[in-house]
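Report on one structure; see the data block that follows.
The values are calculated or read from the model by the stated rules, or taken from the named source; none is laboratory data. Keep in mind that what you see is a predicted model, and the values were worked out from it rather than measured. Virtual Cβ from ideal backbone geometry, glycine too; neighbours counted across all protein chains shown. Just so you know, the surface numbers come from the protein's heavy atoms only, side chains and all, with ligands and any DNA or RNA stripped out. Shrake-Rupley method; radii C 1.70, N 1.55, O 1.52, S 1.80 Å.
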Amino acid sequence: MALLCGSTSVKFPSSSAKSSISCPKNGSAKSSFVGFQVALSKSCSWTSLAANSRRNFQVRSQDLSVVPLDERWMFEESEVNGPDIWNKTWYPKAADHVNTDKPWYIVDATDKILGRLASTIAIHIRGKNLATYTPSVDMGAFVIVVNADKVAVSGKKRTQKLYRRHSGRPGGMKVETFAQLQQRIPERIIEHAVRGMLPKGRLGRKLFNHLKVYKGSDHPHEAQKPTELPIRDKRIQMTR
Amino acid sequence: MNKDKIFKLAKGFRGRAKNCIRIARERVEKALQYSYRDRRNKKRDMRSLWIQRINAGTRLHGVNYGNFMHGLMKENIQLNRKVLSEISMHEPHSFKALVDISRTAFPGNKSSVVLLEKKAFQLFYEW
C-alpha cells in the first residue's frame, strides 16, 4: 500500500522543510487525510519533493546504537522513534488547519428547504463530516450560498414564521414574518438558520464567518474555485 | 508556607485570584475539585471524540457508526474505538477494508427489512 510506505518513511522531511523531529510524521499524516484518490497522488508528489529536499538536509531520529549505555536515558521515546501516533489521540497542529488550504463549497439555495439546507451547511462548516474532526479547532470548510432569496419553506411558514429581534430598550421587540424579511434582507434568513445550528461561543462566531451568503447567482469568490456541496439529504429539494 | 503552595497552584488565574490569598484559596480549592472531576470526565470525552471521528469516517463510505460497530462485533473484531479513529485518519485504505468487512457481516437495517418483507410476500403467495 502506498500509504504504508508513506507512514514508514519517517526519516524524510515534510514539505515545510523545517528540521523538527515531529514534522515527518505530521507530513505523512497530512497526506492521508484527504481520502484515498487524492492521498495516492499526494504521496507520489511527496516522495519526489522528499527527493529534492534530501539534498539539503535529512531529518534524523536519534540512533541509540551510537549512544553509550549510561547516557541512553537522556533521550525521550519521541526523539528515538518519532512521535507515537497509535497510542495518543491525534490533535491538529497549526499547519493542519490553515484557512488557505481549506476547501470551498458552493450551493444554490433555489427551492431548497431552509432547515435541511442549513443543517448540511453547518455540518460542513464545523467539519463534522471529516474523520479529523476536532471540537476545539476550526477544521471545517468555507461555504458559499447563492440565490439566497429563492430558498423555500414548507407549509404556511412563508406567512406564519416570525423572526424576532429586540433593541434592548423596553417595548423594543420587533417582529417580522418570513416573507417580509425575505423582501428586506434575504441573506439574513439563511444566516439566521445556520447561526442557530453552529456552536455558540468564540469558535462558533469564528465559524460563522466562513459562511458567505449572496442574494443573486454570482459571487466574488471565483478565485477560490468552489466545488459543489455534496448533499446527502433526499428531501431537501422542494417538490411542487 | 501553605500560602506559597496556594499561590503556586494559582498561576494563570484571573484578576485577584492569583494575588490575594483569600480569593486564591477559594479558587484553588475549586480548581482542584474540577481537576478531580475532570480526570474522570476526560475518559468519557475522549471516547465520545473517537466515536464522532469514526462516525465521520464511516459515513464517507456510506455506513453509519451504529451499523459499522454492529458488523465489527459480529465478526469478532476487537479493535477499540481509539485505534479505529486513528486508523480512519492515518490509514484510510485499511479503514475502508474494515468498513467493507462490516458491511458484508451486517448490511444494515433497511436491507434486512426489505428482505423480510420479500420473504413474507413469497410465503403469502405460496400459500
* Pairs with Cβ under 7 Å, 6+ apart, first in region B:48-63 and within 7 Å of another protein chain (Cβ to nearest Cβ) and under 16 Å from A:ILE231 (Cα atoms), second hydroxyl-bearing (Ser, Thr, Tyr) and open to solvent by less than 20 Å² (accessible area, probe 1.4 Å) -> B:ALA56/A:TYR133
* To do: Scan (1) over 14 Å from A:LEU130 (Cα atoms); (2) within 11 Å of chain A (Cβ to nearest Cβ) for the single condition B:LYS74 breaks and write down its number.
  => (2)
* Could you count how many residues in region B:48-75 are open to solvent by less than 10 Å² (accessible area, probe 1.4 Å) and either within 12 Å of the chain's Cα centre (by Cα) or among the aliphatic types (A, V, I, L, M) (or both)? -> 4
* To do: Scan the strands (runs of 3 or more DSSP E) fully inside region A:121-200 and keep the ones with 2 or more residues being open to solvent by less than 40 Å² (accessible area, probe 1.4 Å) and in contact (Cβ under 8 Å) with a residue 40 or more places away in the chain.
  => A:142-146
* Any chance B:SER94 is open to solvent by less than 30 Å² (accessible area, probe 1.4 Å), closer than 29 Å to A:ASP84 by Cβ and in a helix (DSSP H, G or I) -> no
* To do: With the checklist (1) more than 30 Å from B:TYR65 (Cβ to Cβ); (2) within 14 Å of another protein chain (Cβ to nearest Cβ); (3) among the β-branched types (Val, Ile, Thr) in hand, flag the one item A:VAL146 doesn't pass.
  => (2)
* Asked: Within the bounds of region A:167-187, is there any residue that is under 22 Å from A:ILE106 (Cβ atoms), under 26 Å from the mean Cα position of the chain (by Cα) and among the β-branched types (Val, Ile, Thr)?
  -> no
* Do the conditions hold for B:LYS110, that is, is it open to solvent by 40 Å² or more (accessible area, probe 1.4 Å), within 14 Å of chain A (Cβ to nearest Cβ) and modelled with pLDDT under 95? -> yes
